[in-house]
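First the structure, in the form of structure tokens, and then the observations on it.
The values are calculated or read from the model by the stated rules, or taken from the named source; none is laboratory data. Only a predicted model underlies this, so the values are computations on that prediction, with no experimental measurement involved. Positions of Cβ are backbone-derived with ideal geometry, glycine not excepted, and every protein chain shown enters the neighbour counts. Just so you know, the surface numbers come from the protein's heavy atoms only, side chains and all, with ligands and any DNA or RNA stripped out. Shrake-Rupley method; radii C 1.70, N 1.55, O 1.52, S 1.80 Å.
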Amino acid sequence: MIDVRDLKKAYVEEETPTLALRGVTFSIAQGEFVSIMGPSGSGKSTLLHILSFLDRPTGGSYTFQGKAIDDMDDRELARVRNAEMGFVFQSFNLLSRLSVYDNVEIPLLYSGIAPAQRRGRIEAAVESVGLSEKLHQEAGKLSGGQKQRVAIARALVTEPNVIFADEPTGNLDSASGAQIMEILESLNDKGRTIVLVTHETHTAEF
């Protein structure tokens, strides 16, 4: 599914380049559960942003499902990202005044799926993370663990092939974090590819 060769990323500030990625090479097969580990500042999030088409490398090659990203323009990258990828972030990135339903619906607004078909997808995604009873509650009134479960439902609603998770347990207590990891593990058991960034050994052990 994912193949990177000698991947590099440099940031230039005041004409001085800083290498965030120094020639990374690896591949991820469909259905794998992969952890990217390292201390703060080691380039984990930079790598995840490139893998998820939120940024482009400055060197090397990246092939996603057999197609080089260099051959895709920004419009096609956005189309593939919306259709094939789901995202879970440390800070949840929910709209607190909107309901759980409305937050989970957001990716579908850009997918061309008819409103009549959205409801079933949204309800199924929310049910899969055990929050059906919170469907119409404001997201801002949920606990941290519940917010992250909503974020996972939002990532699932487009039925992506791969889920990118950036420190998904970083803002949670250990019990809530374990619940989130169990949900991701169950999604992987059903065939979804999971690529997770973490600095926590116990999280990576999943």
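Using the structure shown, decide if Thr193 is under 16 Å from the mean Cα position of the chain (by Cα), at pLDDT below 95, at negative phi and open to solvent by less than 70 Å² (accessible area, probe 1.4 Å). The answer is no for Thr193. Filter segment 63-83 down to the residues that are loosely packed, with under 13 Cβ neighbours inside 10 Å and either basic (Lys, Arg) or more than 26 Å from Arg121 (Cβ to Cβ) (or both) and list them by number. Listed by number, the residues that qualify are Gly66, Lys67, Ala68, Asp70, Asp71, Asp73, Asp74, Arg75.
Are any of the residues in segment 33-56 at pLDDT below 95, open to solvent by 40 Å² or more (accessible area, probe 1.4 Å) and within 18 Å of Thr158 (Cα to Cα)? Yes, because at least one residue in segment 33-56 is at pLDDT below 95, open to solvent by 40 Å² or more (accessible area, probe 1.4 Å) and within 18 Å of Thr158 (Cα to Cα). For Ser174, the conditions (1) open to solvent by 40 Å² or more (accessible area, probe 1.4 Å); (2) closer than 24 Å to Thr193 by Cβ; (3) not hydrophobic (A, V, I, L, M, F, W, C) are fulfilled apart from (2). Those residues that are free of Cβ contacts under 8 Å to residues at least 24 places away in the same chain and over 12 Å from the mean Cα position of the chain (by Cα), I need them from segment 42-61; list them, please. Of everything in segment 42-61, those that are free of Cβ contacts under 8 Å to residues at least 24 places away in the same chain and over 12 Å from the mean Cα position of the chain (by Cα) turn out to be Ser42, Arg56. Filtering segment 1-32 to residues that are among the charged types (D, E, K, R) and either open to solvent by less than 40 Å² (accessible area, probe 1.4 Å) or in contact (Cβ under 8 Å) with a residue 60 or more places away in the chain (or both) leaves Asp3, Lys9, Glu32. The condition of being open to solvent by less than 50 Å² (accessible area, probe 1.4 Å), in contact with an Asp or Glu (Cβ under 9 Å, 6 or more places away or on another chain) and closer than 20 Å to Ile113 by Cβ holds for only one of Gly86, Gly60, that being Gly86.
Restricting segment 156-174 to residues that are of a type in the set (Asp, Glu) and in a loop (DSSP other than H, G, I, E, B) leaves a set whose member that is farthest from the chain's Cα centre (by Cα) is Asp173.
Condition check ((1) touching a Pro at 6+ places or on another chain (Cβ under 8 Å); (2) under 25 Å from Ala151 (Cβ atoms); (3) assigned to a loop (DSSP other than H, G, I, E, B)) across all residues:
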position	(1), (2), (3)
Ser35	no, yes, no
Ser40	no, yes, yes
Ser45	no, yes, no
His49	no, yes, no
Leu54	no, yes, yes
Ser61	no, no, no
Asn93	no, yes, yes
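On the stretch given as segment 104-129, residues that are of a type outside the set (A, V, I, L, M, F, W, C), open to solvent by less than 50 Å² (accessible area, probe 1.4 Å) and without any contact (Cβ under 8 Å) to a residue 40 or more places away in the chain total 2.
Just one of the listed residues (Gly112, Gly60, Gly130) is at positive phi, of a type outside the set (A, V, I, L, M, F, W, C) and modelled with pLDDT of 95 or more, and it is Gly60.
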